[in-house]
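Here is the structure we will look at, set down as structure tokens.
The values are calculated or read from the model by the stated rules, or taken from the named source; none is laboratory data. This is a predicted model, so every value here is computed, not measured. Neighbour counts run over all protein chains shown; Cβ positions are idealised from the backbone, glycine included.
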Protein chains: 2
Amino acid sequence: MFQYSDAHGALATEAARCRTKIRTGEYASQTAGLAPGCVQANLMILPRSWADEFLLFCQRNPKPCPLLAVTEPGQTALPSLGQDIDVRTDIPRYRIWRDGELVAEPTDLHEYWHEDLVSFLIGCSFSFEEALLADGLDVRHITQQRNVPMYRTSVPTHGTQRLSGPLVVSMRPFRAADAIRAIQITSRFPSVHGAPVHLGDPGLIGIRDLSKPDYGEAVDIRDDEIPVFWACGVTPQSVIAHVRPEFSITHAPGHMLITDLSNSGLATL
Amino acid sequence: MFQYSDAHGALATEAARCRTKIRTGEYASQTAGLAPGCVQANLMILPRSWADEFLLFCQRNPKPCPLLAVTEPGQTALPSLGQDIDVRTDIPRYRIWRDGELVAEPTDLHEYWHEDLVSFLIGCSFSFEEALLADGLDVRHITQQRNVPMYRTSVPTHGTQRLSGPLVVSMRPFRAADAIRAIQITSRFPSVHGAPVHLGDPGLIGIRDLSKPDYGEAVDIRDDEIPVFWACGVTPQSVIAHVRPEFSITHAPGHMLITDLSNSGLATL
């Protein structure tokens, strides 16, 4: 049994309350803003035949693929992320992929689950964005109520035998002093992408037009602002989509797993 | 009595050896590269009538004016910076200013000293540059064997009744990934200027032409590099020069006080 402090207990209680609503079907929308202070996680489920190699890929690419937890084949609980989590029911909406094609978007996995599946829970920028907002920074896509803009770059990931592809980055514009502060803050969160990988000229990492993101939505960038780029958790999905495994499951974008962990607990310092 | 660890003892011994050579006149040149690992400090000496206000100015502007030590009036020892330091003899070359005009560049202060003088020892970027080099970064002015380029900006300092003026910054160009790393590293050294104050467009802080620094020498900036700007210890000298006190003493540029403190000991983390 985990023993939580009182403060952490309140967070975990709220996380459990949200998961119950999601599990029972009472809630099936995006999770941004739910259970403030709790770590939310991206999901990637692969058959055992791909799992070891995907684990290696994550090990080689910790900035886009910061692993919070990996299950044994068939395991549905995630005790290191929270009490009584069931990975088959506790995410509001899933995406089922066959040979790289999206075939369904169910709200639970009972119809699709089998004992061969391995689940990877990957850190999400929600955690560091909470820290940026707490410091008073203007996180533009939140201010503009949009999805964060994401771009495929010309920067290759460190590949494995079958898995390779370009790094995907998310972008947030800041004035220089705030960009420096954002680098300091996100450096404290290596398990959720950590410090940026680039700033300034988008062309240097192969991005042609910031107004045309490959995923998410464009945001306004003012004349005195610098685009700052973080490694993005969409990278592994993009890599997997490229190799088209016979079967895989992800969360639907923005529909994350709410864990009992505290965002501030991820800070290294 | 201070008790040093063995490792620190070796540093302090080397610092003391250098100071002895300087005190006896055997060495009278710039101190860059001497006693590697030891903190070097800028010097500002003012009459008591200016000292309290300069102390307040430093308190309000810790990034350009990080104070390592302040003496009582007339005090010549600096026990918190090293054993047996004499501020009148242990810097290779001084500058004597009367009414804002440079009147002499002696190698000791015996002719100029009086009991009314207060000494301010201010952190120097040598300390964080050592950390940047240790991490493998290309610090351009060191590679090019030049003085660091420094610029007066349009950014005002936080003034006192009589002391005010623009922030002076030093500039080091880096590729984006190295700029991010440099921000992380220098953030650990708040007592030697800390994190940068700006990066990118020089015009946003009132710098018209990077090839024409106000102090030091220009360095090459490559197409894929971003200029990164740190608050500079020349700021207080620039402010003092502007108000032209009846008498003041500084070190000659590059001729610093070598202390017993270790650079790594300044790191906050």
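Within segment A:166-174, identify whether any single residue is surrounded by 18 or more Cβ atoms within 10 Å (Cβ to Cβ), aromatic (Phe, Trp, Tyr) and within 25 Å of A:Phe57 (Cα to Cα), and answer yes or no.
No - not one qualifying residue is present in segment A:166-174.
One line per residue, one yes/no per condition, for (1) outside any strand (DSSP E or B); (2) hydroxyl-bearing (Ser, Thr, Tyr); (3) surrounded by 19 or more Cβ atoms within 10 Å (Cβ to Cβ); (4) modelled with pLDDT of 95 or more:
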| residue | (1), (2), (3), (4) |
| --- | --- |
| A:Ile180 | yes, no, yes, yes |
| A:Ser191 | yes, yes, yes, no |
| A:Pro196 | yes, no, yes, yes |
| A:Pro213 | yes, no, yes, yes |
| A:Arg222 | yes, no, no, yes |
| A:Pro227 | no, no, yes, yes |
| A:Pro253 | yes, no, no, no |
| A:Ile258 | no, no, yes, yes |
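If you check B:Gln59 against the conditions, is it without any contact (Cβ under 8 Å) to a residue 40 or more places away in the chain, assigned by TED's automatic domain parsing to the domain that holds B:Gly37 and farther than 23 Å from B:Thr31 by Cα?
The answer is yes for B:Gln59.
Out of curiosity, is A:Arg19 crowded, with 20+ Cβ neighbours inside 10 Å, more than 14 Å from the chain's Cα centre (by Cα), assigned by TED's automatic domain parsing to the domain that holds A:Leu117 and not aliphatic (A, V, I, L, M)? Lay out the reasoning, then the answer.
Values: crowded, with 20+ Cβ neighbours inside 10 Å: yes; more than 14 Å from the chain's Cα centre (by Cα): yes; assigned by TED's automatic domain parsing to the domain that holds A:Leu117: yes; not aliphatic (A, V, I, L, M): yes.
Judged against the criteria, A:Arg19 is a match.
Check whether at least one residue in segment B:216-239 is touching a residue at least 24 places away in the same chain (Cβ under 8 Å), basic (Lys, Arg) and more than 14 Å from every other protein chain (Cβ to nearest Cβ), and report yes or no. So that I can check it myself, show each step before the final result.
Applying the first criterion (touching a residue at least 24 places away in the same chain (Cβ under 8 Å)) to segment B:216-239 yields B:216-222, B:224-239.
Those left that are additionally basic (Lys, Arg): B:222.
Keeping just the survivors that are more than 14 Å from every other protein chain (Cβ to nearest Cβ) gives none.
No - not one qualifying residue is present in segment B:216-239.
If I filter segment B:158-167 for residues that are more than 16 Å from the chain's Cα centre (by Cα) and either within 14 Å of chain A (Cβ to nearest Cβ) or among the hydrophobic types (A, V, I, L, M, F, W, C) (or both), do I get at least one hit?
yes
Being at the interface with chain B (Cβ under 10 Å from one of its Cβ atoms) and at positive phi is the filter here, so list the residues in segment A:195-214 that pass it.
Scanning segment A:195-214 gives a single hit, A:Gly200.
Looking only at segment B:141-157, filter to residues that are among the hydroxyl-bearing types (Ser, Thr, Tyr) and over 19 Å from the mean Cα position of the chain (by Cα); which one of those is farthest from B:Gly233 (Cα to Cα)?
So the first thing to find is which residues in segment B:141-157 are among the hydroxyl-bearing types (Ser, Thr, Tyr), and the list is B:143, B:151, B:153-154, B:157.
Imposing the further condition that a residue be over 19 Å from the mean Cα position of the chain (by Cα) reduces the set to B:143, B:154.
Working: B:Thr143: 21, B:Ser154: 16 Å.
Filtering first and then ranking leaves B:Thr143.
Any idea how many residues of segment B:173-192 are within 19 Å of the chain's Cα centre (by Cα) and within 14 Å of another protein chain (Cβ to nearest Cβ)?
8
Taking segment B:64-79 only, how many residues are assigned to a loop (DSSP other than H, G, I, E, B) and either touching a Phe, Trp or Tyr at 6+ places or on another chain (Cβ under 6 Å) or more than 29 Å from B:Met150 (Cβ to Cβ) (or both)?
Count: 7.
State which residue is modelled with the highest pLDDT when the search covers only segment B:124-149 and only residues that are in contact with an Asp or Glu (Cβ under 7 Å, 6 or more places away or on another chain) and of a type in the set (S, T, N, Q).
Ranking the qualifying residues of segment B:124-149, first place goes to B:Gln144.
If I filter segment A:253-269 down to residues being aliphatic (A, V, I, L, M) and over 11 Å from the mean Cα position of the chain (by Cα), which single residue comes out as farthest from the other protein chains (Cβ to nearest Cβ)?
Of everything passing the filter in segment A:253-269, A:Ile258 is farthest from the other protein chains (Cβ to nearest Cβ).
So which residues in segment A:28-73 are crowded, with 16+ Cβ neighbours inside 10 Å, in contact with a helix residue (DSSP H, G or I) (Cβ under 7 Å, 6 or more places away or on another chain) and closer than 21 Å to A:Ala15 by Cβ?
A:Leu34, A:Ala35, A:Gly37, A:Cys38, A:Val39, A:Gln40, A:Met44, A:Pro66, A:Leu67, A:Leu68, A:Val70
What about B:Val87, is it hydrophobic (A, V, I, L, M, F, W, C), at pLDDT below 95 and either within 16 Å of B:Ser248 (Cβ to Cβ) or surrounded by fewer than 20 Cβ atoms within 10 Å (Cβ to Cβ) (or both)? Lay out the reasoning, then the answer.
Details: hydrophobic (A, V, I, L, M, F, W, C): yes; at pLDDT below 95: no; either within 16 Å of B:Ser248 (Cβ to Cβ) or surrounded by fewer than 20 Cβ atoms within 10 Å (Cβ to Cβ) (or both): yes.
Answer is no for this residue.
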